[in-house]
Amino acid sequence: MKLSRSTLTLALLAAVAAPAAHAEIALDVIGGSEVSFEGLVQADFYNFDTDGIDYGADSASDLDGKDYLQEMRRAELVLKGKGPGNFEWVLGYDAKDDKFLDANIKYKFGNNANHFFQVGQFKQPGATMEELSSTKNNDFVSKSSITNSLGTPRRVGAQYNYGDNNWALTASYFGRELTRNREHGSGYALRGYWAPINETGNILHFGASYIDKDTDSDGIRLRARPMADLVPTRFVDTGSSLTSAASLNNRTDRASTIGVEGLWVHGPFKLQGEYMSIDVKRTDGLDDFSGNGYYVSGLWNITGETWGYKAGVPTTPLPDDPTKGLWQLGLRYDTIDLTDGAVVGGEMDSITAGVNWYWRSNFKFMLNYAMVKQEKGVLNDDPNVIEARVQFYW
């Protein structure tokens with residue numbers, strides 16, 4: 001399924017013409033369902049200072065090792081419905097990546113938003129807390145390496161969630177991704193979290209997840225971008241060979257991932273961290289593979305706003321003063337290790353510093369500087385990346 005440029009343009013014009021508002025645009029009540037429309041458009045720019053590797057920057061490239069890339073990152077169009085009764089539904093599509101997003105129906109038991117049954121495509125509980133949070137409120141331009149490499153995001157399946165405002169347990173069974181020729185491999189996922197402190201401006205959260213899945217066509221490829229989402233080249237990569245014992249492809253049975261997470265909010269400060277470990281069962285007498293990674297990040301709202309908390313993830317507020325906006329400073333350390341035995345996928349460590357500006361209700365501007373160190377056997381590459389993002393959402 002593809003949306004034409006004219007369809008996307010009309011949708012964006014409709015959003016721009018609507019009164020500026022943080023919430024979605026209400027459309028109509030159809031069959032007892034209150035239908036609304038949301039959208040998210042992001043454009044990214046990267047400037048690489050590399051040790052010689054071409055990271056696929058086709059927009060421009062000079063001869064002194066600097067690469068540039070600018071491109072639209074997302075163009076998400078989402079219809080949502082509330083009702084009839086306790087039913088809710090959502091249908092989302094990313095016109096940039098030509099794929100379906102959340103596309104599911106949810107039934108809430110009573111008035112408890114944390115007690116529901118859901119069927120369709122949705123973010124799996126085996127994804128990271130960072131992935132489960134709203135994309136428009138990402139703390140950094142690029143999500144963490146474990147989110148992009150080890151987690152299992154959207155799949156078609158069924159899920160049951162039981163809990164309250166401070167805790168919940170979630171279980172899901174899933175299959176393939178809805179869009180054709182995307183991720184496959186059925187499995188199940190579990191997540192539990194608890195917030196012993198959950199007050200305005202004062203939050204303490206702990207969580208854990210587990211996922212077990214069949215590998216697609218008996219193969220799995222784990223790889224990590226150098227903290228830049230649109231770059232096609234990966235230095236850290238377990239490989240795609242179909243026969244080599246040093247590759248994970250065509251020699252695997254199942255993969256399981258364990259994740260732990262923590263969050264602390266105190267006034268305008270937020271500290272967040274997650275760890276993931278993956279174990280891949282291999283066939284033909286080959287040794288199993290293990291990889292892992294984690295990140296720790298800190299954010300400071302220098303304009304004084306604090307975070308909320310919903311469904312086990314932090315929520316970002318509107319600016320207290322829309323004309324000045326909400327200003328954030330952030331720092332993150334990220335690491336991933338995909339080398340184990342004969343499989344030399346590589347290791348990557350990075351430090352990212354960033355500033356975010358949420359202006360009024362619908363605009364966000366981001367500027368990051370990432371210092372990346374990568375090792376793969378005797379090879380290494382240490383790019384520094386300047387990243388910028390312009391975002392419009394409604």
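Might you let me know whether region 71-92 holds any residue that is charged (D, E, K, R), over 18 Å from the mean Cα position of the chain (by Cα), within 24 Å of Leu230 (Cβ to Cβ) and surrounded by 20 or more Cβ atoms within 10 Å (Cβ to Cβ)? Walk me through how you get there before you give the answer.
Step one: of region 71-92, the residues charged (D, E, K, R) are 71, 73-74, 76, 80, 82, 88.
If we keep only those that are over 18 Å from the mean Cα position of the chain (by Cα) as well, we get 71, 80, 82, 88.
Retained after the next criterion (residues that are within 24 Å of Leu230 (Cβ to Cβ)): 71.
Okay, now just the ones that are also surrounded by 20 or more Cβ atoms within 10 Å (Cβ to Cβ), so none.
The answer is no, given that none of the residues of region 71-92 is charged (D, E, K, R), over 18 Å from the mean Cα position of the chain (by Cα), within 24 Å of Leu230 (Cβ to Cβ) and surrounded by 20 or more Cβ atoms within 10 Å (Cβ to Cβ).
One residue is enough: does region 211-219 have a residue meeting the conditions within 30 Å of Tyr393 (Cα to Cα) and either open to solvent by 20 Å² or more (accessible area, probe 1.4 Å) or within 15 Å of the chain's Cα centre (by Cα) (or both)?
Among the residues of region 211-219, not one is within 30 Å of Tyr393 (Cα to Cα) and either open to solvent by 20 Å² or more (accessible area, probe 1.4 Å) or within 15 Å of the chain's Cα centre (by Cα) (or both), which makes the answer no.
I want to confirm something. Restricting to region 278-300 and keeping residues that are within 17 Å of the chain's Cα centre (by Cα) and among the hydroxyl-bearing types (Ser, Thr, Tyr), which single residue is farthest from Asp349 (Cα to Cα)? Step through it out loud before you land on a result.
As a first pass, look at region 278-300 and keep what is within 17 Å of the chain's Cα centre (by Cα): 293-297.
Next, from what is left, pick out any that are among the hydroxyl-bearing types (Ser, Thr, Tyr): 294-295, 297.
Details: Tyr294: 10, Tyr295: 10, Ser297: 14 Å.
Out of the qualifying residues, it is Ser297.
Which numbered condition in (1) closer than 22 Å to Arg176 by Cα; (2) part of a loop (DSSP other than H, G, I, E, B); (3) of a type in the set (A, V, I, L, M) is the only one that Ile146 fails?
For Ile146, the exception is condition (2).
Please enumerate the residues belonging to region 337-351 that are open to solvent by less than 50 Å² (accessible area, probe 1.4 Å) and of a type in the set (Val, Ile, Thr).
Thr339, Val343
For a quick check of your reading of the model, give me the residue pairs whose first member lies in region 216-227 and is over 28 Å from Thr50 (Cα atoms) and small (Gly, Ala, Ser), whose second is open to solvent by less than 20 Å² (accessible area, probe 1.4 Å) and assigned to a loop (DSSP other than H, G, I, E, B), with beta-carbon atoms closer than 9 Å and at least 6 apart or on different chains.
Pairs found: Ser217/Gly185; Gly219/Ser247; Gly219/Leu248.
Asp229 fails exactly one of the following numbered conditions: (1) surrounded by 21 or more Cβ atoms within 10 Å (Cβ to Cβ); (2) part of a loop (DSSP other than H, G, I, E, B). What is the number of that condition?
(1)
Are any residues in region 372-394 more than 16 Å from Asp139 (Cβ to Cβ), among the polar types (S, T, N, Q) and open to solvent by less than 50 Å² (accessible area, probe 1.4 Å), and if so, which ones?
Gln374, Asn384
Can you find a residue in region 246-265 that is polar (S, T, N, Q), outside any strand (DSSP E or B), open to solvent by 20 Å² or more (accessible area, probe 1.4 Å) and modelled with pLDDT under 90?
Going through region 246-265, the residues polar (S, T, N, Q) turn out to be 247, 249-250, 252, 256-257.
Going one step further and asking which of them are outside any strand (DSSP E or B), we end up with 247, 249-250.
Within this subset, residues satisfying the condition of being open to solvent by 20 Å² or more (accessible area, probe 1.4 Å) are 249-250.
Retained after the next criterion (residues that are modelled with pLDDT under 90): 249-250.
Checked against the condition, which is being polar (S, T, N, Q), outside any strand (DSSP E or B), open to solvent by 20 Å² or more (accessible area, probe 1.4 Å) and modelled with pLDDT under 90, region 246-265 yields at least one hit.
Residues in region 64-73: is at least one outside any strand (DSSP E or B) and out of contact with any Gly (no Cβ under 8 Å at 6 or more places or on another chain)?
At the first step, the residues of region 64-73 found to be outside any strand (DSSP E or B) are 64-65.
Imposing the further condition that a residue be out of contact with any Gly (no Cβ under 8 Å at 6 or more places or on another chain) reduces the set to 64.
Yes, because at least one residue in region 64-73 is outside any strand (DSSP E or B) and out of contact with any Gly (no Cβ under 8 Å at 6 or more places or on another chain).
Search region 116-136 for residues being part of a helix (DSSP H, G or I) and over 16 Å from Asp229 (Cβ atoms), and hand back the single one that is least open to solvent (accessible area, probe 1.4 Å). Give the derivation first.
Of all residues in region 116-136, those part of a helix (DSSP H, G or I) come to 129-132, 135-136.
Keeping just the survivors that are over 16 Å from Asp229 (Cβ atoms) gives 129, 132.
Numbers: Met129: 0, Leu132: 46 Å².
Among residues in region 116-136 that are part of a helix (DSSP H, G or I) and over 16 Å from Asp229 (Cβ atoms), the one least open to solvent (accessible area, probe 1.4 Å) is Met129.
When the residues of region 279-288 are narrowed to those that are touching a Phe, Trp or Tyr at 6+ places or on another chain (Cβ under 8 Å) and modelled with pLDDT of 90 or more, which ends up surrounded by the fewest Cβ atoms within 10 Å (Cβ to Cβ)?
As a first pass, look at region 279-288 and keep what is touching a Phe, Trp or Tyr at 6+ places or on another chain (Cβ under 8 Å): 279-280, 282.
If we keep only those that are modelled with pLDDT of 90 or more too, we end up with 279-280.
Numbers: Asp279: 16, Val280: 23.
Filtering region 279-288 for residues that are touching a Phe, Trp or Tyr at 6+ places or on another chain (Cβ under 8 Å) and modelled with pLDDT of 90 or more, the one surrounded by the fewest Cβ atoms within 10 Å (Cβ to Cβ) comes out as Asp279.
Is there any pair with a first residue in region 254-277 that is closer than 17 Å to Gly304 by Cβ and a second that is of a type in the set (Asp, Glu) and at pLDDT 95 or above whose Cβ atoms are under 8 Å apart and which are 6 or more apart or on different chains, and what are they?
Pro268/Glu305
Going through region 182-200 one residue at a time, which ones are in a strand (DSSP E or B) and either in contact with a helix residue (DSSP H, G or I) (Cβ under 7 Å, 6 or more places away or on another chain) or open to solvent by 50 Å² or more (accessible area, probe 1.4 Å) (or both)?
Within region 182-200, Tyr188, Leu190, Trp194, Pro196, Ile197, Asn198, Glu199 meet the criteria.
What residue, of Phe100, Phe116, is in contact with a Ser or Thr (Cβ under 7 Å, 6 or more places away or on another chain) and among the aromatic types (Phe, Trp, Tyr)?
Values: Phe116 fails: in contact with a Ser or Thr (Cβ under 7 Å, 6 or more places away or on another chain).
After applying the criteria, what remains is Phe100.
For region 297-317, state whether one or more residues are of a type in the set (A, V, I, L, M, F, W, C) and closer than 20 Å to Pro153 by Cα. Spell out the reasoning first.
Quick first cut of region 297-317, residues of a type in the set (A, V, I, L, M, F, W, C) only: 299-300, 302, 307, 311, 313.
With closer than 20 Å to Pro153 by Cα added as a condition, the list becomes 311, 313.
Yes, region 297-317 has at least one match.
Residues that are out of contact with any Phe, Trp or Tyr (no Cβ under 6 Å at 6 or more places or on another chain), under 24 Å from Leu150 (Cα atoms) and surrounded by fewer than 21 Cβ atoms within 10 Å (Cβ to Cβ): does region 355-371 have at least one?
There is at least one residue in region 355-371 that is out of contact with any Phe, Trp or Tyr (no Cβ under 6 Å at 6 or more places or on another chain), under 24 Å from Leu150 (Cα atoms) and surrounded by fewer than 21 Cβ atoms within 10 Å (Cβ to Cβ).
The values are calculated or read from the model by the stated rules, or taken from the named source; none is laboratory data. Bear in mind the structure is a predicted one, so any value in this text is a computation, not a measurement. Note: ideal-geometry Cβ built from the backbone for every residue, glycine included; neighbour counts use all protein chains shown. SASA here: full protein model, heavy atoms, side chains in, ligands and nucleic acids out. Shrake-Rupley method; radii C 1.70, N 1.55, O 1.52, S 1.80 Å.
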